[in-house]
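Report on the following structure.
The values are calculated or read from the model by the stated rules, or taken from the named source; none is laboratory data. Remember, it's a predicted structure, so these values are computed and weren't measured experimentally. FYI the Cβ positions are ideal-geometry reconstructions off the backbone, even for glycines, and counts take in every protein chain you see.
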């Protein structure tokens, strides 16, 4: 079963915080992948971030406002357009396996 949430970019000509068609396509192609994006909700000191994990099959777009992870998700950020392409490639291959996280993205892990 493949599902993806539509990208919900902000209004008023802002940049898409989820970052580009490559990322949206990767989410559409990967089972249990969900993309939820929004513009800044107030001050955004870190810029765009990504939370990557497997969504439980019973949650996601069909249940508005809820998402249950099958394992702890990986948080990466701040992202920039090259990071978004690396993120898309990782999602297509093996995300959320940390062992396969590319060095460019590994540098974005907190702490």
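Here is a yes/no grid of residues against (1) part of a helix (DSSP H, G or I); (2) modelled with pLDDT of 90 or more:
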position: 66; (1), (2): no, no
position: 78; (1), (2): no, no
position: 84; (1), (2): yes, no
position: 87; (1), (2): yes, yes
position: 92; (1), (2): yes, yes
position: 104; (1), (2): yes, no
position: 109; (1), (2): no, yes
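Pick out the one residue from 99, 31 that is modelled with pLDDT of 70 or more, out of contact with any helix residue (DSSP H, G or I) (no Cβ under 6 Å at 6 or more places or on another chain) and not in a loop (DSSP other than H, G, I, E, B).
99
So in segment 45-59, with the set limited to residues that are under 13 Å from the mean Cα position of the chain (by Cα) and within 20 Å of residue 21 (Cα to Cα), which one is modelled with the highest pLDDT?
Going through the qualifying residues, I end up with 52.
List the number of the failed condition for residue 81; all other conditions in (1) farther than 21 Å from residue 21 by Cβ; (2) more than 12 Å from the chain's Cα centre (by Cα) hold.
Here residue 81 clears every test but (1).
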